[in-house]
Each structure stands twice: as structure tokens, then as C-alpha cells.
Amino acid sequence: MHELSLAQNILSIVRSELKKLGIAEKRLTGVKMTIGKLMQVVPASLLYGLEIIGEEQGFKNVKYTVNECPLKVTCSGCGAESEIEKFALLCEKCGSDRIRIVGGREFVVESIDIDD
Ligand SMILES: [Zn+2]
């Protein structure tokens, strides 16, 4: 499942960050992520995966937060930037199809929280 392998990825990013910072893994209390719509992730499934796999890997009582980024394009016709709601890839302002995708592929671990 897509979300499970993403969850694995996220946890290994977090783990290597903690290692880099010299922080014990048990001190992790939260992970915030930004994920673009084009990644086609179901946030609830991802959160579920993170909880299950996280527990297995020894992360207890960690709060995971997913911030979903909209699909964003810029138009080479009029220069407008728009967010695409439906899957019609057209500029929202002038209707041109000469657009470039500028947002929606994000997959970022924004921050991690540590107790003190
Ligand atoms: Zn346009």
C-alpha cells in the first residue's frame, strides 16, 4: 500500500534527523508533514500507517499531523496562479491549458517535536 511505504519513508527521515541531532528516539513527541495533493495520499491511511509502524519501531505517544497542499499551477498565457479543484488542468482565470504545475507534489517532513 502506497501510504504504508510513505509512512516507512517518513519514519526513516525522522529517525535520521534525530540521529543527526543526537536526540534519543524516545523523546520524540510529534511529527508534522506537508503532502501535496498529487501524491494521492489518503491522510487518514497515512496517519494509521505511521501509528502502526511507529509503534513497531518504538515511537510511543507521538502525534502525527498531515497538512495537505493543494494542486497549484501557473498559466503561461496570463501568468495567474491557481489552485485546481477538479481534475481539469486549465488556468482558473483565463481557461488556457498552457500551464505549469507548481504545487501538489510536496512531500516534506516539516518539523519534529521533542520533549524537554
Ligand atoms: Zn491564464
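Run E83 past the list (1) loosely packed, with under 12 Cβ neighbours inside 10 Å; (2) within 16 Å of the ligand (Cβ to nearest atom); (3) not in a loop (DSSP other than H, G, I, E, B) and report the number of the one that doesn't hold.
Of everything listed in (1) loosely packed, with under 12 Cβ neighbours inside 10 Å; (2) within 16 Å of the ligand (Cβ to nearest atom); (3) not in a loop (DSSP other than H, G, I, E, B), E83 misses just condition (1).
Search the range 92-116 for residues that are under 17 Å from R15 (Cβ atoms) and pair each with any residue that is of a type in the set (D, E) and outside any strand (DSSP E or B) when their beta-carbon atoms are under 7 Å apart and the residues are at least 6 apart or on different chains.
Correct list of pairs: I112/E17.
Quick check on the range 104-112. Is at least one of its residues assigned to a strand (DSSP E or B) and within 16 Å of the ligand (Cβ to nearest atom)?
Checked the range 104-112: no residue is assigned to a strand (DSSP E or B) and within 16 Å of the ligand (Cβ to nearest atom).
Residue by residue, here is whether (1) within 16 Å of the ligand (Cβ to nearest atom); (2) assigned to a strand (DSSP E or B); (3) at positive phi holds:
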{"position": "E3", "(1), (2), (3)": "no, no, no"}
{"position": "N9", "(1), (2), (3)": "no, no, no"}
{"position": "K19", "(1), (2), (3)": "no, no, no"}
{"position": "E51", "(1), (2), (3)": "no, no, no"}
{"position": "N61", "(1), (2), (3)": "no, no, yes"}
{"position": "E68", "(1), (2), (3)": "no, yes, no"}
{"position": "L90", "(1), (2), (3)": "yes, no, no"}
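Read the figures in this text as sums done on the coordinates, not as results from a lab. The structure presented is a predicted model; accordingly, all values stated were derived computationally and were not measured. So basically every Cβ, Gly included, is an ideal-geometry build from the backbone, and we count neighbours across all protein chains shown.
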